[in-house]
Amino acid sequence: MASSPVRIGDLELNQDLDLQRKTWTVQRIGWGGMVLIVVAALAGVFGSGPLTRTEVTDHPNTFRLLYDRFGRYEGELVLQLVLTPETTTSNRVTVEIDRTYWTGHAVEHITPEPLISSIGIDGFLYTFETNAPSTPAVIVFRLRTKSIGAMDGRIRVNNAGSLQFHQFMFP
């Protein structure tokens, strides 16, 4: 509530110190929010930075997935699957990717090209030929995001180990 006018020299001023303190509090909260946004941007939440890239490994440590935690709608995403020599003991490796995750993306390119592509019960199956059995291999999936929000995916290799990963897509 406004107090009675205060006379300062020739000026008569209305003061409401309670309202002024509330305004200052709201301003400081806003400044804090802006600082958090800048810190998050520098850390990589909205682009490249230390929080952007991450990796997960399956339980028996036979393969690992390197991926971006954050992406943008219609932006390019790269999933890099690194296979250990234990995974590539035969001439072929089969990778199964969760149907729910995969339908939220458009596949731009897969390197190397899969020998066989098929649809399984739980997801999409890609069979790759290995040049030399029992050597490490890398498979790169280049995707274009078709949805916004939190996304969970699961990858399985040779019907053995599997891993789950989480991403968030910004508009």
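The values are calculated or read from the model by the stated rules, or taken from the named source; none is laboratory data. Quick caveat: nothing in here was measured; it's all calculated off a predicted structure. Backbone-built Cβ (ideal geometry, glycine too); neighbour counts: all protein chains shown.
The table that follows gives values for the structure above.
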{"quantity": "Selection status of residue 96, among the acidic types (Asp, Glu), assigned to a strand (DSSP E or B) and in contact with a Phe, Trp or Tyr (Cβ under 9 Å, 6 or more places away or on another chain)", "calculated": "yes"}
{"quantity": "Number of the condition not met by residue 109 [criteria: (1) assigned to a strand (DSSP E or B); (2) surrounded by 14 or more Cβ atoms within 10 Å (Cβ to Cβ)]", "calculated": "(2)"}
{"quantity": "Meets criteria (free of Cβ contacts under 8 Å to residues at least 12 places away in the same chain, loosely packed, with under 15 Cβ neighbours inside 10 Å and among the small types (Gly, Ala, Ser)) for residue 118", "calculated": "yes"}
{"quantity": "From 98, 16, residue being over 20 Å from residue 162 (Cβ atoms) and not β-branched (Val, Ile, Thr)", "calculated": "16"}
{"quantity": "Among residues of the stretch 136-171, those that are in a loop (DSSP other than H, G, I, E, B), more than 20 Å from residue 55 (Cβ to Cβ) and not aliphatic (A, V, I, L, M), counted", "calculated": "4"}
{"quantity": "Candidate set from the stretch 121-150 (those that are among the small types (Gly, Ala, Ser) and surrounded by 14 or more Cβ atoms within 10 Å (Cβ to Cβ)); member that is farthest from residue 78 (Cα to Cα)", "calculated": "123"}
{"quantity": "Within the stretch 90-106, tally of residues that are within 14 Å of residue 139 (Cα to Cα) and either touching a His at 6+ places or on another chain (Cβ under 9 Å) or surrounded by fewer than 18 Cβ atoms within 10 Å (Cβ to Cβ) (or both)", "calculated": "1"}
{"quantity": "Residue 170 being at pLDDT 90 or above, surrounded by 13 or more Cβ atoms within 10 Å (Cβ to Cβ) and of a type outside the set (Gly, Ala, Ser)", "calculated": "no"}
